[in-house]
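The values are calculated or read from the model by the stated rules, or taken from the named source; none is laboratory data. All of these numbers come straight from a predicted model, not from anything done at the bench. When we count neighbours, we look across all protein chains shown, and the Cβ atoms used for this are built from the backbone with ideal geometry, even at glycine. For accessibility, only protein heavy atoms count, side chains too; no ligands or nucleic acids. Shrake-Rupley method; radii C 1.70, N 1.55, O 1.52, S 1.80 Å.
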Amino acid sequence: LHARGAALHQWIEASRNRVFSLPWIKEYDDSELLDIDRQLQPPQTVTLELKGNTLQAQGTASQQWLLKAQQKVKAISAISKFQYDQLINTDIARLMEIRQQIDRLALFFLAGSEDLVPGQQGAIDTLIMQLKELNTLAMAVGKGYQIKITGHSDSTGTDEFNMQISQRRAETILTILVSSGLKNENFVARGVGHTQPLRPETNLQDRSFNRAVTFKVNLR
């Protein structure tokens with residue numbers, strides 16, 4: 001008995017066990033049978049299923065494995081279609097997670113100043129690490145991005161002063177990020193004065209919350 005074509009490793013192993021239990025089969029040769037699992041080397045988080053000429057992948061995997069698998073599948077003549085719509089791309093999932101974390105961040109400033117409120121260095125260090133990871137992941141999945149750095153002010157002072165101070169706050173953060181090695185072209189810094197308050201100023205704490213810089217990650 002000769003087996004040719006392509007099959008999943010589990011099927012190959014099970015077939016060998018069955019064949020040798022049949023007394024009327026003296027020899028079994030599967031040397032020309034391609035082991036799909038060994039060819040694609042899926043991580044333990046991926047399950048492959050072969051239905052006819054369609055290979056289906058489920059679970060979670062990195063963008064790197066998915067791209068390699070797509071190329072390797074093309075060389076397997078027994079597979080006409082590779083379905084991976086049920087496969088969670090871990091790089092994209094992590095990219096979305098980091099984007100949400102950055103979008104929720106706010107850094108705060110002293111009243112009437114572009115100086116940061118003390119005690120935020122940890123948040124800035126975390127932001128820099130997140131941005132560097134975002135850059136790596138975006139490159140891995142072939143996405144571009146732009147991050148809006150928006151400076152805010154409270155409602156005290158003139159419109160002109162608030163617009164100026166909010167712009168300087170945004171530029172302060174931009175300078176910090178660029179000095180850490182991040183690329184300037186990925187950022188846009190702008191001040192909006194008190195036209196986009198983060199909280200209604202019902203008390204002094206709310207007013208201090210509006211003296212801030214916020215972030216918005218746009219992927220494309």
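Quick notes on this structure:
- Subset of segment 33-74 that is at pLDDT 95 or above, outside any helix (DSSP H, G or I) and small (G, A, S) - its residue that is nearest to H9 (Cα to Cα): A57
- Residues located in segment 80-105, provided they are under 30 Å from T54 (Cα atoms) and either within 10 Å of the chain's Cα centre (by Cα) or in contact (Cβ under 8 Å) with a residue 40 or more places away in the chain (or both): L87, N89, T90, D91, I92, A93, R94, L95, M96
- Filtered residues of segment 141-155 (kept if within 14 Å of L110 (Cβ to Cβ), in contact (Cβ under 8 Å) with a residue 60 or more places away in the chain and not in a strand (DSSP E or B)): H152
- Identity of the residue in segment 106-140, outside any helix (DSSP H, G or I) and not hydrophobic (A, V, I, L, M, F, W, C), that ends up farthest from T172 (Cα to Cα): G119
- For V192, the requirement of being in contact with a Ser or Thr (Cβ under 8 Å, 6 or more places away or on another chain), in contact (Cβ under 8 Å) with a residue 40 or more places away in the chain and β-branched (V, I, T) is met.
- Residue within segment 188-203 that is open to solvent by less than 20 Å² (accessible area, probe 1.4 Å), on the phi > 0 side of the Ramachandran plot, in a loop (DSSP other than H, G, I, E, B) and modelled with pLDDT of 95 or more present: yes
- Selection status of T158, free of Cβ contacts under 8 Å to residues at least 12 places away in the same chain, closer than 18 Å to Q101 by Cβ and not small (G, A, S): no
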